[in-house]
Amino acid sequence: MEEIKIMINIPENKRNVPSLLTCIDGTEVKTAQDWINKRRPEILEMLRREEYGRLPDMSDVEIKIQVTAVRQGPKIMNGRAVRKTVEVEAVRKERHFIFTFDVFIPADAKEPVPAFVEICNRGPMNCDPARENLSSFYPAETIISRGYACAAFRTHEVAPDYEEGFKTGFHRLFPDYVDNRPDDAWGTITVWAWAASRVMDYFEMEPMIDAAKVAVVGHSRGGKTALWCGAQDERFAMAISSCSGNSGDAISRGKTGESIAQILDRFPFWFAKNYQKYANNEEAMPFDQHFLIALMAPRLVYTSTKTNDSWADPVSEFESLVQADPVYQLFGLEGLEQREFSLPEQPLHNGHIGHHHKTGEHNMDDYDWDQYMDYADRHMK
């Protein structure tokens, strides 16, 4: 049967960003199958090669995942949750790398529940598994009360968030890359995304988690990672990005606040060396960040911004959603429910592209999480 071609409402291209629906060879994407079979793979390859970098050959890496502790009782969220500590070990050529994370599952769950994976790029007080320090950055108690499971891992335990020559954390498994590093080799964001996928590996093993209904969420650099993780790992039903800005959810062309040159001056190790070509040279990019958003289609994607986060540039963050919308139309889905920049505290929850704009500073807080869960209640539960 011939696939039906859908009329696409293309947004105005005010910033002259590359077309999502024009393939490298010039052919036009006209159907969802065109996107899945041709355009999506070439965009994914482009972002691996030019921006975030690709993982090394992992064929000789053995991954072991095991639960090391199970706790339940009145001291675990007043008896409302089961806490499981999970260890991920990667072994290559007698080199070992381990990181751990804790999972909370509603104790009264009668069937598998949907879940969130948080990429925690802040200190342990912001995602304390012992719950002695409570933070709105990771409101695990609220998440449990809403009927979701949750897990958080700390990026610092996976790969350091500073320039160390790719020698510690996950990087230590590949000493052969230290002095002979290809221009398209992985940056740290790619490693953090790899770790989030290992949490998903565990979720697929956990009988009380519905692995078909999992969202990966992060803030700032963690938000960039969440989008990149979701783009690569189609097991995630949703990716959620808070204030990820430059090289995350914000269009780079015409952006105010942080530029590619500025982010590479401070954090070159987040990206592939190839990305250096575009410092003060955004117009030369064969992509922009709406490509990253569009890789989530037809799955759910949600971004949030703050009014006073000029460094991230909320207008440019919203523009990437507008430009990604046509890909959702290919699937016959509503992407973004409106193309006018959203007002503060007026969330957009109807489409497969969700968004809210909140009064405040660069942060992820209780209001944001309430919106994420409201959106998940509507689309993922």
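Summary table
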| item | result |
| --- | --- |
| Qualifying positions in region 61-71 - aliphatic (A, V, I, L, M), part of a strand (DSSP E or B) and either open to solvent by less than 80 Å² (accessible area, probe 1.4 Å) or more than 30 Å from SER145 (Cβ to Cβ) (or both) | ILE63, ILE65, VAL67, ALA69 |
| Positions within region 164-200 being in contact with a strand residue (DSSP E or B) (Cβ under 8 Å, 6 or more places away or on another chain), open to solvent by 10 Å² or more (accessible area, probe 1.4 Å) and closer than 16 Å to ALA231 by Cα, in sequence order | ARG198 |
| Residue match in region 360-370 (condition: out of contact with any His (no Cβ under 6 Å at 6 or more places or on another chain), open to solvent by less than 10 Å² (accessible area, probe 1.4 Å) and of a type outside the set (Ser, Thr, Tyr)) | yes |
| Hits in region 265-282 - residues which are surrounded by 16 or more Cβ atoms within 10 Å (Cβ to Cβ) and either outside any helix (DSSP H, G or I) or aromatic (Phe, Trp, Tyr) (or both) | PHE267, PHE269, TRP270, PHE271, ALA272, TYR275, TYR278 |
| GLY73 without any contact (Cβ under 8 Å) to a residue 60 or more places away in the chain, farther than 30 Å from ALA152 by Cβ and over 24 Å from the mean Cα position of the chain (by Cα) | no |
| In region 87-110, residue most open to solvent (accessible area, probe 1.4 Å) [restricted to those that are within 24 Å of the chain's Cα centre (by Cα) and farther than 18 Å from TYR148 by Cα] | ILE98 |
| Residues located in region 150-180, provided they are in contact (Cβ under 8 Å) with a residue 40 or more places away in the chain, in contact with a helix residue (DSSP H, G or I) (Cβ under 7 Å, 6 or more places away or on another chain) and in a loop (DSSP other than H, G, I, E, B) | ASP161, GLU163, PHE166 |
| Among (1) under 23 Å from PHE137 (Cβ atoms); (2) open to solvent by 10 Å² or more (accessible area, probe 1.4 Å) - the single one ARG299 does not satisfy | (1) |
| Filtered residue count, region 210-264, keeping only those that are in a strand (DSSP E or B) and open to solvent by less than 10 Å² (accessible area, probe 1.4 Å) | 13 |
| Some residue of region 32-47 being assigned to a loop (DSSP other than H, G, I, E, B) and without any contact (Cβ under 8 Å) to a residue 40 or more places away in the chain | no |
| Options PRO74, PRO114; residue that is at pLDDT 95 or above and buried (at least 18 other Cβ atoms within 10 Å of the Cβ) | PRO114 |
| Failed item in (1) modelled with pLDDT of 95 or more; (2) open to solvent by 100 Å² or more (accessible area, probe 1.4 Å); (3) of a type in the set (A, V, I, L, M), with ILE4 passing the rest | (1) |
| Checking VAL67 against (1) over 30 Å from LEU295 (Cβ atoms); (2) over 25 Å from the mean Cα position of the chain (by Cα), the condition it does not meet | (2) |
| ALA294 being within 30 Å of VAL113 (Cα to Cα), open to solvent by less than 10 Å² (accessible area, probe 1.4 Å) and of a type in the set (Gly, Ala, Ser) | yes |
| Residue within region 187-202 that is part of a loop (DSSP other than H, G, I, E, B) and over 15 Å from ASN121 (Cβ atoms) present | no |
| Scope region 302-321; condition open to solvent by less than 10 Å² (accessible area, probe 1.4 Å) and of a type in the set (A, V, I, L, M); matching residues | ALA312, LEU321 |
| Among residues of region 137-163, those that are open to solvent by 20 Å² or more (accessible area, probe 1.4 Å) and either among the aromatic types (Phe, Trp, Tyr) or touching a Phe, Trp or Tyr at 6+ places or on another chain (Cβ under 7 Å) (or both), counted | 4 |
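The rows are residues; the columns are (1) open to solvent by less than 70 Å² (accessible area, probe 1.4 Å); (2) touching a Ser or Thr at 6+ places or on another chain (Cβ under 6 Å).
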{"site": "LEU20", "(1), (2)": "yes, no"}
{"site": "ILE24", "(1), (2)": "no, no"}
{"site": "MET46", "(1), (2)": "yes, no"}
{"site": "GLY53", "(1), (2)": "yes, yes"}
{"site": "SER59", "(1), (2)": "no, no"}
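The values are calculated or read from the model by the stated rules, or taken from the named source; none is laboratory data. For clarity, every value in this text was computed on a predicted model and none was experimentally measured. So basically every Cβ, Gly included, is an ideal-geometry build from the backbone, and we count neighbours across all protein chains shown. The area values use the complete protein model at the heavy-atom level, side chains included, leaving out ligands, DNA and RNA. Shrake-Rupley method; radii C 1.70, N 1.55, O 1.52, S 1.80 Å.
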